[in-house]
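Asks: Attaching a single structure in structure tokens format; questions to follow.
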Amino acid sequence: MSKTVLTIDDSRTMREMLNHALVEAGYRVIQAVDGVDGLEVLQANAGTVDVVITDINMPRLDGFGVIEGVRANPDHRATPILVLTTESDAAKKERARSAGATGWIVKPFNPVKLVDAVRRVAA
């Protein structure tokens, strides 16, 4: 049974790159276009999402809001959340970690490293 990854990013190009890298590695991918959509998609797929990958800078609800929203749901307290962002600021990393993020990947991402990170947290 392949694991399911929810990717949340407002960039269509980034969603396509994530989808390609993850599908190639054997993952099932579901996508959301921003944080609000991401939390709705997560609810709609309750119990089937193994890993969440979210951007930080998005309209409607940013990645910090996504992390807090995922963690506020008892069903997803332990779901790994990887932050994928152009941000490399230590304070933002700490804020994401405090909110409940599992890991941090800087864009542009290396597909092999991304898949390795997903494999590690999904194990």
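The values are calculated or read from the model by the stated rules, or taken from the named source; none is laboratory data. Worth saying up front: this structure is predicted, and the values here are computed from it rather than measured. Quick reminder, even Gly has a Cβ in these numbers, built from the backbone with ideal geometry, and neighbours come from all protein chains shown. For accessibility, only protein heavy atoms count, side chains too; no ligands or nucleic acids. Shrake-Rupley method; radii C 1.70, N 1.55, O 1.52, S 1.80 Å.
Asks: Do you know which residues across the range 72-90 are at pLDDT below 95 and of a type in the set (V, I, T)?
Replies: T85, T86
Asks: Still on this structure, I have one more. One residue is enough: does the range 68-80 have a residue meeting the conditions open to solvent by 50 Å² or more (accessible area, probe 1.4 Å) and among the polar types (S, T, N, Q)?
Replies: Of all residues in the range 68-80, those open to solvent by 50 Å² or more (accessible area, probe 1.4 Å) come to 68, 72, 74-75, 77-78.
If we keep only those that are among the polar types (S, T, N, Q) too, we end up with none.
No: zero hits.
Asks: Exactly one condition in (1) at pLDDT below 95; (2) part of a loop (DSSP other than H, G, I, E, B); (3) within 15 Å of T7 (Cα to Cα) is false for A101; which is it?
Replies: A101 satisfies every listed condition except (1).
Asks: What's the total number of residues in the range 35-57 that are hydrophobic (A, V, I, L, M, F, W, C) and either touching a Ser or Thr at 6+ places or on another chain (Cβ under 6 Å) or open to solvent by less than 20 Å² (accessible area, probe 1.4 Å) (or both)? Working first, answer last.
Replies: The initial filter retains those residues of the range 35-57 that are hydrophobic (A, V, I, L, M, F, W, C), namely 36, 39, 41-42, 44, 46, 49, 51-53, 56.
Still in the list and also either touching a Ser or Thr at 6+ places or on another chain (Cβ under 6 Å) or open to solvent by less than 20 Å² (accessible area, probe 1.4 Å) (or both): 42, 49, 51-53, 56.
Number satisfying all stated conditions: 6.
Asks: So which of A21, A32, A25 ends up being under 11 Å from the mean Cα position of the chain (by Cα), surrounded by 14 or more Cβ atoms within 10 Å (Cβ to Cβ) and of a type outside the set (D, E)? Working first, answer last.
Replies: Working: A21 fails: under 11 Å from the mean Cα position of the chain (by Cα); A25 fails: under 11 Å from the mean Cα position of the chain (by Cα).
So the residue among A21, A32, A25 that is under 11 Å from the mean Cα position of the chain (by Cα), surrounded by 14 or more Cβ atoms within 10 Å (Cβ to Cβ) and of a type outside the set (D, E) is A32.
Per-residue answers, yes or no, for (1) touching a Lys or Arg at 6+ places or on another chain (Cβ under 8 Å); (2) part of a helix (DSSP H, G or I); (3) in contact (Cβ under 8 Å) with a residue 40 or more places away in the chain:
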| site | (1), (2), (3) |
| --- | --- |
| I30 | no, no, no |
| I53 | no, no, yes |
| R71 | yes, yes, no |
| E94 | no, yes, no |
